[in-house]
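Participant: A single structure is presented below for examination.
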Amino acid sequence: IYLGVPFYGRDWNIDDGPPARSIGFETAARLQREAENVVGGFSAEHGGPWFRYDDEEGDRHEVWFENAESLELKLDLAIDSGVAGFAAWRIGHEDPRNWDVIASIETPATPVSPLEAEPGSIYFHLT
């Protein structure tokens, strides 16, 4: 079992309703700096950063996103739970500090030996 971790966030318009839009770390950071009526923080209960803001039309939004601190909590949980590893998606949307967190993991992936070929099987080495 692998733990899936997102490298993106979600921005919900809580006045107009779903769907939420996906946003990257840089967009979340910019909104948090520049939007009107911003309140938020880091939720210890949920293990992630969040904030609320008002857009140009006056609609209220709530944003939850991932940063290096939330990633570290998830990876610590994965290690403590004994899962085989983790997979991240939306690479390019992450907090740049995520790579420092990943590099600090003391249990790097171990290469798996190639499987023995069986009739009719196809094996792509190092994929």
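The values are calculated or read from the model by the stated rules, or taken from the named source; none is laboratory data. Since the structure is predicted, the reported quantities are computational estimates derived from the model, not experimental observations. Glycine also receives a Cβ, built like all others from the backbone with ideal geometry; neighbour counts cover every protein chain displayed. Ligands, DNA and RNA are excluded from the accessible area calculation, which covers all protein heavy atoms including side chains. Shrake-Rupley method; radii C 1.70, N 1.55, O 1.52, S 1.80 Å.
Participant: Here's a check for you: in the stretch 21-40, which residue that is open to solvent by less than 100 Å² (accessible area, probe 1.4 Å) and either touching a Gly at 6+ places or on another chain (Cβ under 9 Å) or hydroxyl-bearing (Ser, Thr, Tyr) (or both) is nearest to residue 102 (Cα to Cα)?
Facilitator: Going through the qualifying residues, I end up with 25.
Participant: Go through the stretch 85-116 and report how many residues are of a type outside the set (Phe, Trp, Tyr) and at pLDDT 85 or above.
Facilitator: Residues meeting the conditions: 18.
Participant: Continuing with the same structure: Can you go through 16, 11 and tell me which one is open to solvent by 70 Å² or more (accessible area, probe 1.4 Å) and in contact (Cβ under 8 Å) with a residue 24 or more places away in the chain?
Facilitator: So the residue among 16, 11 that is open to solvent by 70 Å² or more (accessible area, probe 1.4 Å) and in contact (Cβ under 8 Å) with a residue 24 or more places away in the chain is 16.
Residues are listed down the side, and each one gets a yes or a no for (1) touching a residue at least 60 places away in the same chain (Cβ under 8 Å); (2) not in a helix (DSSP H, G or I):
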position	(1), (2)
38	no, yes
58	no, yes
83	yes, yes
93	yes, yes
99	no, no
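Participant: To continue, here is another question. Would you check if residue 81 is at pLDDT 60 or above, under 21 Å from residue 46 (Cβ atoms), open to solvent by 60 Å² or more (accessible area, probe 1.4 Å) and among the polar types (S, T, N, Q)?
Facilitator: For residue 81, the condition - at pLDDT 60 or above, under 21 Å from residue 46 (Cβ atoms), open to solvent by 60 Å² or more (accessible area, probe 1.4 Å) and among the polar types (S, T, N, Q) - is met.
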